[in-house]
Amino acid sequence: MKFAEYKGLDLPKVSEEVLDFWKNAQIFEKSVSTREGKESYVFYEGPPSANGMPGIHHVMARTIKDIFPRYKTMKGYQVKRKAGWDTHGLPIEIGVEKELGITKEDIGKKISVEEYNAACKKAVMRYTDVWNEMTEKIGYWVDMDDPYITYKPKYMESVWWLLKQIYNKGLLYKGYTIQPYSPKAGTGLSSHELNQPGTYQDVTDTTVTAQFKADESTLPKFLERFDHLHFLAWTTTPWTLPSNTALTVGSKIDYVVVATYNQYTFEPVHVILAKNLVGKQFGGKYEETEDVSVLSSFTKENKKIPFLVATECKGEDLLGIRYEQLIDYAQPYQNPENAFRVISGDFVTTEDGTGIVHTAPTFGADDALVAKQAKPEVPPMLVLDENNNPVPLVDLQGKFRPEMKEFGGKYVKNEYYADDEVPEKSVDVEIAIKLKIENKAFKVEKYVHSYPNCWRTDKPILYYPLDSWFIKVTDVKDRMFELNQSINWKPKATGEGRFGNWLANANDWNLSRSRYWGIPLPIWRTADGKEEMLIGSVEELKSEMSKAVDAGVLAKDVFEDFVVGDMSESNYDKIDLHKNIVDEITLVSQSGQPMKRESDLIDVWFDSGSMPYAQWHYPFENKELIDDGVAFPANFIAEGVDQTRGWFYTLHAIATMVFDTVSYKNVVSNGLVLDKEGKKMSKRLGNAVDPFKVLPEHGPDATRWYMISNANPWDNLKFDVDGIVEVKRKFFGTLYNTYSFMALYANIDEFTYSEANIPLTERPEIDQWILSELHSLIKKVDEAYTDYEATKAARMISDYVQENLSNWYVRLSRRRFWKGDYQQDKISAYQTLHTCLATIAKLSAPIAPFFMERLYKDLDTTTQKDGFESVHLAEFPVFDEKMINKKLERKMQLAQKISSLVLSIRQKEKIKVRQPLQKIMIPVLNNEQKEDIEAVSNLIKSEVNVKEIELLDDASGILVKQIKPNFKVLGPRFGKDMKAIAAAVNQLGQDDIQKIERESELMLVLENKSIILQLSDVDISSQDIEGWLVASSGALTVALDVTIDENLRKEGIARELVNRIQNLRKESGFEVTDKIDIKILKDGFVENAVSSNEEYIKTETLTAELNFEEKLEEGVAIAFDEVNTKLFIQKH
């Protein structure tokens, strides 16, 4: 059977054909089933959400996920890969609200919760087909037929069970605290959501330094003499000023009283602020004076406003002073008499502002804490709503309540308005103007600062008082930190830095979400909150419903058709655990009181962090998979670096709390895929790359190889389609051409690898060398994959294919394939090249699964050497120490280095490689180097097209070398001795230079000491000699004779003609075995050159007859150097 031959490389077509083969032959399924009984390698698929289209970054992420399971399968492991869909949460809800033209407030009014959840369920799987198509097309092997889906009852039941374990350990509590809250999403956020990449953004806000008028009746004696006394407090959120109930100072901080005038009203004022911040607040229009008369003579016509520091005190001297409410539209509903006074707090600094902190306990966690710690406690600004419930002055939509008079109904952030409704002035600006007019603003200015946005709506968050359920992460964060030490992070810095630091400073996890589409918190409570119950299974819920029915608080068991213990899908399809169902269930407490479900949902990140267990419906089914370590923990996971605060975190937190172990052992955290300019891709900028355009044009293999080889997965990738084109040409093109070359001649010689393997020792040195390099490659690539370093693997394979296999081995062995009889030398060449190609196919298969499948099949179908149906069912190549010949590798590397130097001279002088030259001279440092060069001299001569190599034991009379100090290296090594060393280096002679080149070091004696000079401490160069050009690399120097005599010139013309004739043969569609006749038009040059080299030309081109013509009408014009002729060829 012949090797397949192709008309050209078409990677997209290859991938389509291979995909069909995989499907028809069920190769993915076999990659799992053929490893039955083998050690398992556990991979977790981080669930994507199918309510949006996949992007090019998903190709990157899925490629990384695909590589290592394929590699481990080839290493003999069984790798089950279950797909998953993340189906709950904000992204889906916000999308559905846009589609339906509603807001969160409309749910339960314009649309029922049941209808809303049905719309979410429908929307969430909208793009499943597109995701499946992309997954299939890029070759990501994962079981899409049996995915875990987070909205399925079985999955939700496992989540409830996990939460119950956390509850039983006393790690779940309810608290009324200040939490990050997203008005546009209508829900609180956890601290890890608030720390997603890109959440904090620089914004320009209106800031106010407000004047709070001191209550003179409460002033201590030393302040009684100051009239119009005000406290200055700075804020970047003026909308919180109406909710101010305290001013906080630092007890030990130095404060001053400053006499001056208000820059807006020009009224006289005494202000109190931190001494260290006077300079910051009194810039611009203000000018310091010590003269009271300057102060008293000020008028508003003056260009500068004087200020005078009148006295100073400590913060503790100010405690207890009361002040007038800044905006008196509302009073705290509880203990208003304890509000509007100066208190102390440890968090106060003098870094910016005034050293006095405006304190609004309803809108800041630090504010709430310091207010609570004050004696008596400072009340938050809460008012009673129409239902007599205490609420802040800002509602859950981000609007001021009616109590705020002219501001009532206005959003506190302009970003909350619809695009066409944004007012010209924000509430912050309106408040600032009001305070200016009322002599309550000391300074108003724009300020750029970092402010958090909601990770899903991209709108500003508020810090807001919320009644939420929390997981007490602070109780287990030390254990989480400790367990993290055992995880292999790629890169290490992410695990130790970003993730490790996050764990060390972890806050309690806000689990509550005030939404509708998600897993409900399975907590039922009595109205007074004194009795509660957390349900951990459907069986438990049915049991409690039965009690509730008996107690008369529930009409019937809403899951009456469900059969406990029946784990069939049909049984579980009878129930739905979503909010619209379970909110109708009333349970009964032990004391007989009715219990309603807590209305919130569970944070969607808890959903995805539960997948190791919930995907198997643990512990209700498949208990052994988790308990016996068959499917837990994961050997490998991979997602974007943003998941350090997302999925990576919640996986780790749940595993630590419930199982006291890690949930994954190795993690690759990939960076961003940016555009080629390094900008973030977005539809708005028009720089987003559509994978469904890239893949059909360039194929998945080139795309995957480019993404992996171009940059380490954890570094940001600047995606450039030109890079894929280059990979296609340089790597895949080279590999394809190498295979095509072998197939062409193997088919002519009917090589099918039927002969016994020729022993290594009987093969030519070049075969031994390429096989030695191959096994060195096997070892390094295996180690790289084992260490999750796919980029290293790709680069090493690419380098081997392009440099060693194609540029060196095939080029230097070419004649062995097309010349001579089918004897041992030719068979050795075929066997060697076949082995190299088959091995490369296996080494590369995890990264480029389609093309390597085709290459492997094309090789193995003919030879049946391996006998596997697919490269992905084959065994990964095994390193064989006996194949390694380091001496031979060293010799070949020397040959490559010498050739590279000679070719660099040719390129510099524009002397074509086809033009033969007479000689190169190489000074040798020792006998070993001399023997090494002699052993490969024929290869070098053939590669660089020279007639002879002369090795010089003593080149001092011919080649003159120069030595200079390498200051970049000497400076850091020797510091102040560098000058003396440099002077000594400049005095070294030719013998010294030879010695340091030979021994790589030289002792230098200075005035007061001796030092060892390394070869890297100096730069050595050679001077050209007449008729010769010199090049050096390290201790290696070559001199090339660039004189071209008449015979060399004629041979150069002959070689160029051979090349042109071979191209004509190819263009004419001749077979490589066809003999031809040639006619050449005489031009006065060409006939002399051809006559001198006729036999060479005829042999190389399979020419039977070669004739010169005085006139030649037909044929192709050929012009190069001084030659200007015509060529005509035809079959003999």
In segment 358-382, which residue that is of a type in the set (Val, Ile, Thr) and more than 16 Å from TRP239 (Cβ to Cβ) is surrounded by the most Cβ atoms within 10 Å (Cβ to Cβ)? VAL378
crowded, with 18+ Cβ neighbours inside 10 Å and within 49 Å of the chain's Cα centre (by Cα): does that describe ILE920? no
Failed criterion for TYR706 (all others in (1) closer than 22 Å to GLU789 by Cα; (2) surrounded by fewer than 19 Cβ atoms within 10 Å (Cβ to Cβ); (3) free of Cβ contacts under 8 Å to residues at least 60 places away in the same chain hold): (2)
Scanning segment 1090-1122 residue by residue, the ones that are over 28 Å from GLU1071 (Cβ atoms) and touching a helix residue (DSSP H, G or I) at 6+ places or on another chain (Cβ under 6 Å) total 1
Qualifying positions in segment 383-410 - basic (Lys, Arg) and more than 23 Å from THR177 (Cα to Cα): LYS405, LYS410
Considering only segment 307-314, I want to know if a residue exists there that is out of contact with any Cys (no Cβ under 7 Å at 6 or more places or on another chain), in a loop (DSSP other than H, G, I, E, B) and at negative phi. no
Hey, does segment 743-762 have a residue that's under 23 Å from TYR71 (Cα atoms) and either out of contact with any strand residue (DSSP E or B) (no Cβ under 9 Å at 6 or more places or on another chain) or surrounded by 19 or more Cβ atoms within 10 Å (Cβ to Cβ) (or both)? no
Restricting the first residue to segment 970-981 and requiring it to be outside the structural domain of GLU1001 (by TED's automatic domain parsing), which pairs with a second residue that is modelled with pLDDT under 80 and in a helix (DSSP H, G or I) meet a Cβ separation below 9 Å and a spacing of at least six or different chains? none
Please go through segment 353-372 and give me each residue that is modelled with pLDDT under 90 and under 17 Å from PRO336 (Cα atoms), ordered by number. ALA368, LYS372
Of everything in segment 506-544 that's out of contact with any helix residue (DSSP H, G or I) (no Cβ under 9 Å at 6 or more places or on another chain) and among the basic types (Lys, Arg), which residue is surrounded by the fewest Cβ atoms within 10 Å (Cβ to Cβ)? LYS530
Checklist (1) in contact (Cβ under 8 Å) with a residue 60 or more places away in the chain; (2) surrounded by 13 or more Cβ atoms within 10 Å (Cβ to Cβ) applied to VAL391, failing item: (1)
Going through segment 1042-1058 in order, the residues found to be of a type in the set (A, V, I, L, M) and either within 48 Å of the chain's Cα centre (by Cα) or not in a helix (DSSP H, G or I) (or both) are VAL1042, ILE1044
GLN915 fails exactly one of (1) surrounded by 19 or more Cβ atoms within 10 Å (Cβ to Cβ); (2) farther than 30 Å from PHE21 by Cβ; (3) at pLDDT 90 or above; (4) among the polar types (S, T, N, Q), namely (1)
Can you name the residue in segment 242-253 that is in contact with a strand residue (DSSP E or B) (Cβ under 6 Å, 6 or more places away or on another chain), outside any strand (DSSP E or B) and of a type outside the set (Val, Ile, Thr) and is also surrounded by the most Cβ atoms within 10 Å (Cβ to Cβ) among such residues? ASN244
For LEU894, state whether it is more than 23 Å from LEU735 (Cα to Cα) and not polar (S, T, N, Q). yes
Name the pairs: first residue in segment 219-235 and part of a loop (DSSP other than H, G, I, E, B), second residue buried (at least 16 other Cβ atoms within 10 Å of the Cβ), Cβ to Cβ under 6 Å, at least 6 apart or on different chains? PHE226/VAL257; PHE226/HIS270; HIS228/VAL269; HIS228/HIS270
Could you go through segment 222-243 and let me know if any residue there is touching a Phe, Trp or Tyr at 6+ places or on another chain (Cβ under 7 Å), at pLDDT below 95 and not acidic (Asp, Glu). yes
So ALA1039, is it assigned to a strand (DSSP E or B), at pLDDT 80 or above and in contact with a Phe, Trp or Tyr (Cβ under 6 Å, 6 or more places away or on another chain): yes
Candidates VAL271, VAL278 - the one that is closer than 18 Å to LEU435 by Cα and buried (at least 19 other Cβ atoms within 10 Å of the Cβ): VAL271
Within segment 296-318, which residues are among the hydroxyl-bearing types (Ser, Thr, Tyr) and loosely packed, with under 10 Cβ neighbours inside 10 Å? THR299
If you take the residues of segment 738-793 that are assigned to a helix (DSSP H, G or I) and aromatic (Phe, Trp, Tyr), which of them is farthest from GLN893 (Cα to Cα)? TYR745
Residue within segment 479-488 that is surrounded by 19 or more Cβ atoms within 10 Å (Cβ to Cβ) and of a type in the set (Lys, Arg) present: no
Options ASP428, ASP419: the member that is among the acidic types (Asp, Glu) and crowded, with 17+ Cβ neighbours inside 10 Å: ASP428
Taking segment 404-414 and keeping only residues that are surrounded by fewer than 17 Cβ atoms within 10 Å (Cβ to Cβ) and on the phi < 0 side of the Ramachandran plot, one is left with GLU406, GLY408
Residues that are touching a residue at least 60 places away in the same chain (Cβ under 8 Å) and aromatic (Phe, Trp, Tyr), drawn from segment 34-81: TYR41, PHE43, TYR44, PHE68, TYR71
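The values are calculated or read from the model by the stated rules, or taken from the named source; none is laboratory data. Values in this document were obtained by computation on a predicted structure and should not be read as measured data. Reconstructed Cβ throughout: ideal geometry from the backbone, glycine too, with neighbour counts over all protein chains shown.
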